[in-house]
Amino acid sequence: MGLPVRAALVQAVGGPFILDEVELDGPGADELRVRVTASGICHTDLTYRAGAGRFPFPAVLGHEGAGVAGS
């Protein structure tokens, strides 16, 4: 059973960032859950959205964040 989370989703190259709910696997044995309280989109995310990424779309972008562990 996955965990529902809200994410910045891009459906296609050059598409807009859309806040949408996606489902993630729960944390593994060597991982922990973090309640994200702030996040950002950086230049790298914009470059991937423009088509320079190495993964297919749709894609969840945004890798900078701050939060509380174990929440």
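List of remarks:
- Residues satisfying the stated conditions in segment 5-24, i.e. at pLDDT below 90 and more than 11 Å from the chain's Cα centre (by Cα): none
- Residue list for segment 12-32, filter: surrounded by 13 or more Cβ atoms within 10 Å (Cβ to Cβ) and more than 24 Å from A69 (Cα to Cα): V13, G15, F17
- Exactly one residue out of R35, R49 is open to solvent by 50 Å² or more (accessible area, probe 1.4 Å) and either part of a helix (DSSP H, G or I) or at positive phi (or both): that is R49.
- Tallying residues that are closer than 15 Å to L19 by Cα, part of a loop (DSSP other than H, G, I, E, B) and touching a residue at least 24 places away in the same chain (Cβ under 8 Å) within segment 58-71 yields 2.
- Within segment 57-71, the set of residues being surrounded by 14 or more Cβ atoms within 10 Å (Cβ to Cβ) and at pLDDT below 85 comprises just one member, G62.
- Among the candidates R6, R54, residue that is part of a strand (DSSP E or B) and loosely packed, with under 14 Cβ neighbours inside 10 Å: R6
The values are calculated or read from the model by the stated rules, or taken from the named source; none is laboratory data. The structure presented is a predicted model; accordingly, all values stated were derived computationally and were not measured. Cβ coordinates were reconstructed from backbone atoms using ideal geometry, including for glycine residues, and neighbour counts include every protein chain displayed. Just the protein is used for accessible areas: all its heavy atoms, side chains included, with ligands, DNA and RNA removed. Shrake-Rupley method; radii C 1.70, N 1.55, O 1.52, S 1.80 Å.
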